[in-house]
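Structure first, then comments.
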Amino acid sequence: MRLTATLLLMAAPALADPMLIDDFSQGAETRWRYISDRVMGGVSDGRAGIGSEDAISFAQLRGTVSTANNGGFIQIRQDLATRLPVDATGIALRVRGNGAAYYVHIRPDASQRPWQYYQAAFETSADWQDIVLPWSTFKPQGGLNARFVPTDIRSVGIVAYGADYEALLDVDWIGTTPG
């Protein structure tokens, strides 16, 4: 199954080089941090970790998302050590979950407040699936401009957000899509 992910990320080398942001191996727990709405008074509760199955390492996001007290999120986030390629056309990731909707949040240099990011939703199923999120699916939040440049993105988050539900999400890998 990992071969499919590798082939997707290696496709079209003449157009652009996709970038693997993370495959959640070799110290991924030090590159990703867990954050919840508790930083702003919310009551969502969860945890993040690294799981392993059939020689695949993956991120695990688990918890109860609650919109009570103006809350509503749990997430894992990575500050990017290397900026995304200028000709990347979006984000791709391999996930499985409990059928709920989840989000990818990207933060550009222009983001000055915690509520400023670009957001794209994806659905999950119990089986591993490859998700492709073109830049056009990312919607600005918190007063950001509608357009951004991939090289301006400084962090990426994988988020359970915006509704009252139990989060159960596994992420095998995340990267950019080629131009």
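Here the range 52-179 exposes an accessible surface that is 49 percent carbon and sulfur, computed with a 1.4 Å probe and the other protein chains kept in place. Basic side chains Lys and Arg get +1 at the Cβ, acidic Asp and Glu get -1 at the Cβ, and with that the dipole of the range 45-179 about its Cα centre reaches some 520 debye.
Under 5 Å from the amide H of residue 168 lie the amide H atoms of 98, each residue being 5 or more positions distant or on a separate chain, with H modelled from the backbone and absent for Pro and chain starts.
Rounded to the nearest 500, what is the chain's calculated 222 nm mean residue ellipticity when only DSSP H runs of at least 4 contribute -39500 (n - 2.57) each, over all residues?
-1500 deg cm²/dmol
Per-residue surface analysis assigns residue 125 an accessible area of about 40 Å², computed on protein heavy atoms at 1.4 Å probe radius.
Please give the net charge around residue 67, taking every other residue with its beta carbon less than 11 angstrom from that of residue 67, where Lys and Arg add +1 and Asp and Glu add -1.
Details: positive: none; negative: 37, 164.
Residues near residue 67 contribute -2 overall.
How large is the accessible surface per residue of the chain, computed with a 1.4 Å probe and reported in Å² as a whole number? Mind dumping the intermediate values first?
On the way: 8650 Å² over 179 residues.
That works out to 48 Å² for each residue.
Taking K and R as +1 and D and E as -1, what net charge do the other residues with C-beta under 10 Å from the C-beta of residue 33 add up to?
On the way: positive: 31, 77; negative: 29, 79.
Net charge around residue 33: 0.
When both bridge partners sit in the range 91-132, DSSP labels roughly 100% of those beta bridges antiparallel. Rounded to the nearest 20 debye, the dipole magnitude of the range 19-114 is 260 debye, with +1 charges on Lys and Arg beta carbons, -1 on Asp and Glu beta carbons, and the Cα centre as origin.
Placing 103, 161 in order of accessible area, with the largest value first and a 1.4 Å probe, yields 161, 103.
The values are calculated or read from the model by the stated rules, or taken from the named source; none is laboratory data. Only a predicted model underlies this, so the values are computations on that prediction, with no experimental measurement involved. All Cβ positions, even for glycine, are placed from backbone atoms using ideal geometry, and neighbour counts span all protein chains on display. Calculation scope for accessible area: heavy atoms of the full protein, side chains included, ligands and nucleic acids excluded. Shrake-Rupley method; radii C 1.70, N 1.55, O 1.52, S 1.80 Å.
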